[in-house]
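**Q** Input: one structure, supplied below.
The values are calculated or read from the model by the stated rules, or taken from the named source; none is laboratory data. The model shown is predicted, which means the values in this text are computed figures rather than measured ones. Note that each Cβ is placed from the backbone with ideal geometry, even for glycine, and that neighbours are counted across all protein chains shown.
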Amino acid sequence: MKRDYYEILGVGRDADEGTIKRAYRQAALKFHPDRNPDDSEAEERFKEATEAYEVLRDPELRGLYDRYGHDGVKAGVRGGGGGFGGFSTFDEALNIFMREFGGFGFQDIFGSGRRGRARTRGSDVKIRIALTLEDVLKGVTKTVRMPVLDNCEECNGTGMRSGVQPTSCPQCGGSGEVQQVQRSLFGQFVRVGPCSNCGGEGRVISDPCGTCNGEGRSRSEKSFELDIPPGVDSDDYLTLRGQGNVGRRGGPRGDLLAVITVEPDERFTRRGADLIYDLPVTFSQAAMGTTIDVPTVTKSAKVKVPAGVQTGHVIQLRGKGLPHLRRGGTGDLFVRVVVVTPKDLTPEQRQLFETLAEIESPAEQSEDGAGFWQKVREAFFD
């Protein structure tokens, strides 16, 4: 069972971003493998602290964690953001640490450059998942199969032929970084960056793998299961950490981004968690009133149309919409009445309408028309 993220970093639940970052740095330096060589427990603590930091530093992920715990963070879906599934490898956690506190010069902190060499992170993979309104209503698990870059089976991701060892880069001496001295009117500046000869790896390969040509990776197909919660909308997405393309020569994996597309439903217009349905009624139904079955996402519901109803009149069915993604409850279904004017009259219909025209009063503007619907639209949707 996972430990509480606040407990891992030793901070209170009201800690601000600066306090969380300082606590993470302290924990990461304490358990960094260069201070704890060959200590698997320290490595797990390092990953644990990094995972806690990645969640608590993000306001939306932190909010999901505060409300729903670890399960809420794992399944979280956001517009412009994603869920968080933790780290599958130590390199992913190390990559976060390097991002926050600098990617080079760790020998100054630890007295060793063993893990100071840069390893190129793999690229992210983006896929689109098509859903129906029924999927949005209940949530769904989707299984997808897609091509990704994986470690080469021949060389196990090293990029070298079997039995060959890499050699230290002659340009950087194996450090993976080079220093450039620049002089200016303000004095001398030293810039440190990745070595261009070895790409920051600190090593070069003289006899590359014949299968992957030294890349250490090849194309394969993988299957993923995506648990999509109710209430999502188009362009929301989930992020599966460490499920994208593997980096060059054993570099950490990128992420898998599953972007949601909700297919249009010809019955409804969607506005967030609310749905709008246009209900056609005849003149006689509008004048005398009636009860009609209208569709919802899964089944029909009875609607009582009042006598004398006008086009644009709205009947609200509470709780018949879609779930709210980021809060509890369900949206509503708004049934908008449309009085249909017949185009072709039968002789009997024409005679009835002529009789009606002789006895009915002149038409007057009703507040139940377009003006009323505009008010409803402004109140609920704008």
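**Q** How many of the residues making up region 260-285 are more than 30 Å from Ala357 (Cα to Cα) and in contact with a strand residue (DSSP E or B) (Cβ under 8 Å, 6 or more places away or on another chain)?
**A** First, the residues of region 260-285 that are more than 30 Å from Ala357 (Cα to Cα): 260-277.
Now narrow it down to the ones that are in contact with a strand residue (DSSP E or B) (Cβ under 8 Å, 6 or more places away or on another chain): 260-263, 267-270, 273-277.
So the answer is 13.
**Q** Tell me, yes or no, whether region 181-196 has at least one residue that is in contact (Cβ under 8 Å) with a residue 40 or more places away in the chain, part of a loop (DSSP other than H, G, I, E, B) and surrounded by 21 or more Cβ atoms within 10 Å (Cβ to Cβ). Spell out how you get there, then give the answer.
**A** Let us first name the residues in region 181-196 that are in contact (Cβ under 8 Å) with a residue 40 or more places away in the chain, namely 192-194.
With the extra rule that they be part of a loop (DSSP other than H, G, I, E, B), the set shrinks to none.
Checked against the condition, which is being in contact (Cβ under 8 Å) with a residue 40 or more places away in the chain, part of a loop (DSSP other than H, G, I, E, B) and surrounded by 21 or more Cβ atoms within 10 Å (Cβ to Cβ), region 181-196 yields no hits at all.
**Q** Name the single residue that is farthest from Thr330 (Cα to Cα) among those in region 147-157 being of a type in the set (A, V, I, L, M, F, W, C) and at pLDDT 90 or above. Quick ask: steps written out before the conclusion?
**A** At the first step, the residues of region 147-157 found to be of a type in the set (A, V, I, L, M, F, W, C) are 148-149, 152, 155.
Now drop any that are not at pLDDT 90 or above, which leaves 148-149, 152.
On the way: Val148: 38, Leu149: 41, Cys152: 48 Å.
Once the filter is applied, the top-ranked residue is Cys152.
**Q** Look at region 331-348 and say how many of its residues are acidic (Asp, Glu) and out of contact with any Lys or Arg (no Cβ under 9 Å at 6 or more places or on another chain). Write out each step before concluding.
**A** We begin by selecting, within region 331-348, every residue acidic (Asp, Glu); these are 332, 344, 348.
Narrowing further to those that are out of contact with any Lys or Arg (no Cβ under 9 Å at 6 or more places or on another chain): 344, 348.
Residues flagged as acidic (Asp, Glu) and out of contact with any Lys or Arg (no Cβ under 9 Å at 6 or more places or on another chain) within region 331-348 amount to 2.
**Q** When the residues of region 257-269 are narrowed to those that are touching a residue at least 60 places away in the same chain (Cβ under 8 Å) and in a strand (DSSP E or B), which ends up nearest to Cys212 (Cα to Cα)? First the steps, then the outcome.
**A** Filtering region 257-269 for residues touching a residue at least 60 places away in the same chain (Cβ under 8 Å) gives 257-263, 265, 268.
Checking which are in a strand (DSSP E or B) leaves us with 257-262.
Values: Leu257: 26, Ala258: 28, Val259: 31, Ile260: 34, Thr261: 35, Val262: 39 Å.
Only one residue tops the list, namely Leu257.
**Q** Looking at region 210-239, which of the residues that are assigned to a loop (DSSP other than H, G, I, E, B) and in contact with a Cys (Cβ under 8 Å, 6 or more places away or on another chain) is surrounded by the fewest Cβ atoms within 10 Å (Cβ to Cβ)? Step through it out loud before you land on a result.
**A** We begin by selecting, within region 210-239, every residue assigned to a loop (DSSP other than H, G, I, E, B); these are 210-216, 229-235.
When the remaining residues are screened for being in contact with a Cys (Cβ under 8 Å, 6 or more places away or on another chain), the result is 211-212, 215-216.
Numbers: Thr211: 15, Cys212: 23, Glu215: 17, Gly216: 26.
The selected residue is Thr211.
**Q** Still on this structure, please answer the following. Looking at (1) hydroxyl-bearing (Ser, Thr, Tyr); (2) outside any strand (DSSP E or B); (3) within 24 Å of the chain's Cα centre (by Cα), which one does Thr298 not meet, given that it meets all the others?
**A** (3)
**Q** Collect the residues in region 1-56 that are part of a loop (DSSP other than H, G, I, E, B), within 25 Å of Gly72 (Cα to Cα) and free of Cβ contacts under 8 Å to residues at least 60 places away in the same chain, keeping them in residue-number order. Working first, answer last.
**A** Within region 1-56, the first condition is being part of a loop (DSSP other than H, G, I, E, B), and the residues that meet it are 1-4, 10-16, 32-39.
Then drop every residue that is not within 25 Å of Gly72 (Cα to Cα), which leaves 1-4, 10-16.
Within region 1-56, Met1, Arg3, Asp4, Gly10, Val11, Gly12, Arg13, Asp14, Ala15, Asp16 qualify.
**Q** While we're on this one: In a loop (DSSP other than H, G, I, E, B), over 28 Å from Thr143 (Cα atoms) and not hydrophobic (A, V, I, L, M, F, W, C): which single residue out of Gly308, Gly254, Gly242 fits that description? Even if it seems obvious, please write down each step before you answer.
**A** Working: Gly254 fails: over 28 Å from Thr143 (Cα atoms); Gly242 fails: over 28 Å from Thr143 (Cα atoms).
After applying the criteria, what remains is Gly308.
**Q** Out of all the residues in region 319-341, is one or more part of a loop (DSSP other than H, G, I, E, B), over 30 Å from Asp233 (Cα atoms) and of a type outside the set (Phe, Trp, Tyr)? Reasoning before the result, please.
**A** Step one: list which residues in region 319-341 are part of a loop (DSSP other than H, G, I, E, B), which gives 319-322, 324-329, 331-332, 340-341.
Subset that is over 30 Å from Asp233 (Cα atoms): 340-341.
Then keep just the ones that are of a type outside the set (Phe, Trp, Tyr); that gives 340-341.
Yes; the residues of region 319-341 include at least one that is part of a loop (DSSP other than H, G, I, E, B), over 30 Å from Asp233 (Cα atoms) and of a type outside the set (Phe, Trp, Tyr).
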